[in-house]
Each structure stands twice: as C-alpha cells, then as structure tokens.
Amino acid sequence: MNRRLRTAALATLAAIALLSSCTPGAVPADGDRARVSAEPIELFDGRVIPGMPELLGMREQYDLRLEWLAEKRALLLDQMRTHGIEMWIVVSEEFHQDPALYYVAPPLQYARRRDVMVFVDAGDDGLAAYSDYWRPTADFRRFFEPMPAARNARGIQDTRSGLQVLWERYRPATIGLAIGGNRGHDSSLTHDSYLFLADALGPEAESRFVSAAPLIEEVFDTRLPGELEHYRQLVLATDVIAQTALSNVVITPGVTQAEDIKWFFDETIAELGVGGKPWFEIHVAVQRFNETTGEMILYIHPSPDDLVFQRGDIIHLDCGFDYLGFASDWQKVAYILREGEDDVPDGLKTALANANIVHEAFAAAPRPGMTGWEATLAIAALLVDVDFLPSLYSHPIGYHGHALGPAINARDMDLSGPPAWDSHLRDGSYRSIEFSATTAIPEYGGGTVRIPMEDDGYLTTDGYEYFRPYQTEWYVIR
C-alpha cells in the first residue's frame with residue numbers, strides 16, 4: 001500500500017475512533033472493533049492520544065534499508081580491524097537465519113539450506129565481500145562478489161571449494177564466527193555449520209577460528225544519523241497504539257479481558273500495512289487493592305488471558321513491534337476509576353512521580369564510554385536517598401528488541417558486584433530505558449504498588465534523550 005492509500009485508510013479509521021472515544025462514556029459497540037486514529041484524539045480526562053504517524057511502505061523501507069546498508073558497509077572494515085578480525089564468516093541456514101543476515105546483506109527473502117557470506121580485510125585493497133547466494137539480484141551484487149567457485153547447471157556454486165580458495169588467497173590470522181558470545185545474536189552459528197566450515201577450510205584455518213561477538217555487537221549497536229528520525233516514528237506509532245489500548249476505546253471495565261489487548265495490538269499492527277509485527281507476545285499485568293480485606297492482591301505478570309479488567313485496577317502494558325528493521329519496546333500504566341472516583345488516588349500519583357525520578361536519573365547520569373556497570377552505579381548514586389524501591393533492568397535496543405550491548409542492571413538496587421560480562425556504551429546507541437519503582441500507597445493501607453516503565457532513548461554526550469516524552473500522568477479509564 002502506498003502512502004496516499006495508507007493515509008486515506010487511516011483517515012477512515014480515525015473517523016471510527018473518534019465516534020467511539022470522544023463521546024462521554026462511549027465504548028465500541030458489540031461486534032465493532034476499536035481502531036487507532038490518524039489524528040489526535042482528546043479523551044474525557046484531557047489526555048490527548050497523538051495521531052498515528054505515516055510510516056513507510058514496503059518498497060520505501062527496502063530502498064531506505066539499502067541506503068543504510070551501504071553506509072554501514074563503509075564502516076565495517078574499521079570495525080573488523082578494531083576487533084582484530086581479518087575474516088568474518090556469516091552462515092545463515094533456512095529456518096535458522098542468522099540475526100546478522102538482514103544487516104550485512106539486502107533484506108530479501110532467503111530460502112536455501114545454507115548461505116555463506118565472507119568479509120575479508122584485504123589490506124590496501126580494503127574490504128572484500130563474497131557470497132555463494134545462488135540467485136543474486138542486482139541489489140545483492142552491489143554488496144557481494146560471487147564466491148570464487150564454479151556453478152553447476154542450476155547456477156549453484158560449490159561453497160566448499162570457494163571457501164578453500166578464499167583461505168588460500170588471504171590466509172587470515174583470525175577468522176571470526178558467531179560463537180562464544182552470551183546471546184543468540186552473537187552465538188548463532190549452529191554445530192552443523194561449524195563442522196562444515198572446519199571441514200571445508202581445514203585444521204590450520206580452524207585453529208584460527210575466534211569469537212566475532214565483540215564485532216557483531218559493534219555492528220548491531222552502531223547507529224547512523226539518518227536512522228534516528230525513522231526510529232522516532234516507530235516509537236511514536238508504538239505510543240499511539242499503547243495509549244489507545246489503555247483507554248475506553250478498547251477497555252470496558254467488567255467486559256474486556258487481558259487477551260483483548262494482545263489481539264488489539266496484533267490486528268492494529270497488521271492493518272498498518274507496513275510489514276510490522278510484534279517481536280514478543282504483547283501482555284498486561286494487573287495490580288488490585290481489595291477494599292473488603294484491605295490487602296493488595298498478588299501482582300501477576302503477565303496476567304492470565306481471561307482476566308477481566310475491573311474498576312480500581314492498575315494496568316501495566318508491555319508492548320513493542322518491528323518496523324524498518326528496528327524494534328520498539330514500551331511499557332505504560334493506566335488506572336480504572338472506581339465508582340464515585342473522578343481522579344486517581346494521590347498515593348498512585350506519588351508512585352508515578354517516583355518512577356519519573358528514575359527517568360530523570362537515566363537521562364542525567366550515563367555517558368558514552370562508560371561500561372554498563374559504571375552507568376548503573378552513576379544512576380544509583382542519584383537514587384540513594386529516595387523513599388521508594390527502584391529496580392533497574394535496562395537493555396540495548398535497535399535492530400532487535402533485546403539488542404546487543406551493555407546492560408544497566410541493578411534489580412531491587414542490588415549493587416553487590418559487577419556482572420560477569422560487560423561492555424561500553426556507544427555514543428548515539430539506542431536503549432530501552434526499563435525499570436520499576438515500588439511505592440507504599442497510603443490509600444491501600446501501606447500496600448505497595450510497582451510502577452514498571454519502559455521508554456526508548458538514545459545516548460548523547462549529556463546523557464539519554466527520550467524519543468518520546470515519558471509518562472508523567474496516569475492514563476485514566478472509566
């Protein structure tokens with residue numbers, strides 16, 4: 001769908017959404033489905049849900065990603081030299097595609113038993129890149145030379161002999177593979193493919209196999225300036241869907257179930273027509289205070305699919321989706337007014353304000369070049385005297401929702417020791433600023449409420465900048 005048609009479709013959805021959300025007390029009629037809007041919508045409590053941004057269609061995304069691939073390719077040789085990798089081999093298998101595939105090669109549809117890509121530091125000749133992909137398009141040929149091996153009648157090259165030629169031609173001191181990392185992104189080489197490479201290249205070459213994990217992290221965690229505003233659009237789209245989900249457009253107390261939020265997300269993302277999809281199962285969690293017993297009901301995360309939202313519920317939503325080769329990750333909270341209430345209890349307002357204190361610490365303390373642990377300690381130093389319990393579990397984001405890079409992690413402010421693995425924050429890299437703040441609520445007899453938050457930001461020399469303003473007011477449902 002091109003931009004004009006998508007805009008018209010969203011305008012139609014906007015009209016439906018306006019009818020169901022702006023009328024006091026209105027909810028979608030039975031059989032109707034809630035929609036997001038292409039225009040801002042003001043709700044009964046004064047909250048304004050932004051309009052859905054205009055995202056790129058599939059062809060536009062593909063062309064832009066090719067431009068970015070060319071820019072990233074120009075950086076690769078220096079990145080390989082930084083990490084002492086003279087040859088990097090990426091092996092992708094059908095139904096087990098390597099996470100690097102779509103970021104080192106054009107984002108095509110690859111379906112073959114095994115595809116091999118080889119990047120070589122060719123000295124004064126710069127970076128050489130080879131592939132055995134058996135039906136390369138013109139776009140693919142921009143980025144790879146064919147493997148130096150004969151083709152059979154079907155046009156398929158003999159990968160084994162091609163690898164042997166490259167080994168003899170370059171004799172690299174190190175051959176980087178996706179082994180020895182601590183995540184699926186940088187430990188993705190299968191045992192079968194390892195054996196294939198070892199057998200094809202021989203014992204001497206195998207003795208030079210090394211982990212490419214630090215290189216893979218830098219490739220994934222290095223951002224281009226031109227990516228930023230497009231990622232901001234993804235974050236805005238996520239925010240629009242999340243805010244719509246946490247409103248009476250979608251939720252009717254006593255009727256709507258937890259799984260309805262998940263399906264609202266899945267169907268809305270599909271209807272955007274941009275090829276996006278959730279990268280994890282969207283879910284909610286609910287915290288409740290039992291006025292009869294005076295106790296907080298156990299916080300279950302995630303809530304069972306058949307949980308029905310009730311008045312007085314505190315809803316925590318965790319969501320995100322893929323678009324343009326990126327992923328978003330987003331958590332927000334809402335409150336359903338009880339009978340007779342026209343506002344959120346003061347204790348809950350304090351709880352959200354406490355969460356914002358953690359937001360401010362994230363924005364102020366980290367700096368490029370810090371390790372994840374150093375950033376953790378810097379944030380914790382700003383939270384020493386708070387009268388609530390912060391818990392930090394922030395991770396990199398970008399090409400993947402749980403991306404490669406250093407964690408900023410202090411669960412329940414446990415600062416007993418650094419992690420077993422760590423690395424450095426990169427200027428411009430993206431981060432899921434994820435944490436919770438647990439506060440005692442006077443209206444709930446001193447029972448505690450956890451406010452989980454997750455926002456996407458990017459690192460600058462002055463700390464983290466948020467792609468969207470973080471939540472400072474409760475999303476209210478009636």
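Annotation: the antiparallel percentage among DSSP beta bridges lying fully within the chain is about 85.
How big is the dipole moment of the range 260-357 about its Cα centre under a simple scheme where the beta carbon of each Lys and Arg is +1, that of each Asp and Glu is -1, and everything else is neutral? Debye, nearest 20, please.
240 debye
Quick check on the range 84-211: take the gyration tensor over C-alpha atoms, sort the square-rooted eigenvalues as a ≥ b ≥ c, and tell me if it's rounded (a/c under 1.5), prolate or oblate. Rounded. Of the peptides 82-95, 155-168, the ranking by mean beta-carbon count within 10 Å, highest at the top, reads 82-95, 155-168.
Normalised by the number of residues in the chain, the mean separation of alpha-carbon contacts (under 8 Å, six or more apart) gives a relative contact order of 13 percent.
Considering only Ala200, Thr159, Gly126, the residue lying farthest towards the positive end of the dipole of the range 84-211 is Thr159, judged by Cα position with unit charges set on Cβ.
Among Lys277, Lys72, the order by Cβ neighbours within 10 angstrom, fewest to most, reads Lys277, Lys72.
A full extension of the chain between Glu42 and Thr448 corresponds to an added length of 143.0 nm, given 0.36 nm per residue minus the alpha carbon distance. Whole-Hz Karplus values for the range 300-307 come out as 10, 10, x, 6, x, 4, 8, 5 Hz, taken residue by residue from phi with 6.51 cos²θ - 1.76 cosθ + 1.60 and θ = phi - 60°; glycine and proline positions read x.
Counting every other Cβ atom within 10 Å of each residue's Cβ, Ser391, Ser247 order from fewest to most as Ser391, Ser247. Compute the Cα gyration tensor for the range 146-274, then decide on rounded, prolate or oblate, letting a ≥ b ≥ c be the square roots of its eigenvalues: rounded whenever a/c is under 1.5, prolate when a/b is larger than b/c in the other cases, and oblate in all that remain. Cα axes put the range 146-274 in the prolate bin. Where in the chain are the helices, taken as whole DSSP H runs, whose Cα atoms extend 20 angstrom or more along the long axis and whose Kyte-Doolittle mean reaches at least 0.0? The qualifying helices are 3-21, 228-245, 346-364. Basic side chains Lys and Arg get +1 at the Cβ, acidic Asp and Glu get -1 at the Cβ, and with that the dipole of the chain about its Cα centre reaches some 1420 debye.
For the pair Glu339 and Ser416, label points projected 7 Å from Cα toward Cβ lie 4.8 nm apart. Residue separation of Val384 and Glu267 scaled by 0.36 nm, minus their Cα-Cα distance, works out to 37.8 nm of gained length.
DSSP beta bridges fully contained in the range 84-211 are about 65 percent antiparallel.
Amide hydrogen proximity for Ser37: with H placed 1.01 Å from N in the peptide plane, the residues at 5 or more positions away or on another chain lying under 5 Å are Met52.
When peptides 55-63, 361-369 are ranked by their average number of other Cβ atoms within 10 Å per residue, the highest-first order is 361-369, 55-63.
Cβ-Cβ distance of Arg73 and Ile300, R₀ of 45 Å, FRET efficiency by 1/(1 + (r/R0)^6): the value works out to about 0.45.
Modelled spin labels at Leu224 and Glu360, positioned 7 Å past Cα toward Cβ, are 3.8 nm from each other.
The helix-only estimate of mean residue ellipticity at 222 nm for the chain, built from DSSP H runs of length n ≥ 4 each weighted as -39500 (n - 2.57), is -10000 deg cm²/dmol after division by the residue total.
For Glu145 and Leu108, the FRET efficiency from 1/(1 + (r/R0)^6), where r spans their Cβ atoms and R0 equals 22 Å, is about 0.80. Whole-Hz Karplus values for the range 35-48 come out as 10, 7, 10, 7, 10, x, 10, 9, 8, 4, 8, x, 5, 10 Hz, taken residue by residue from phi with 6.51 cos²θ - 1.76 cosθ + 1.60 and θ = phi - 60°; glycine and proline positions read x.
Every number here is computed from the coordinates shown, using simple stated rules; none is lab data. Since the structure is predicted, the reported quantities are computational estimates derived from the model, not experimental observations. All Cβ positions, glycine included, derive from the backbone under ideal geometry; neighbour counts span all protein chains shown.
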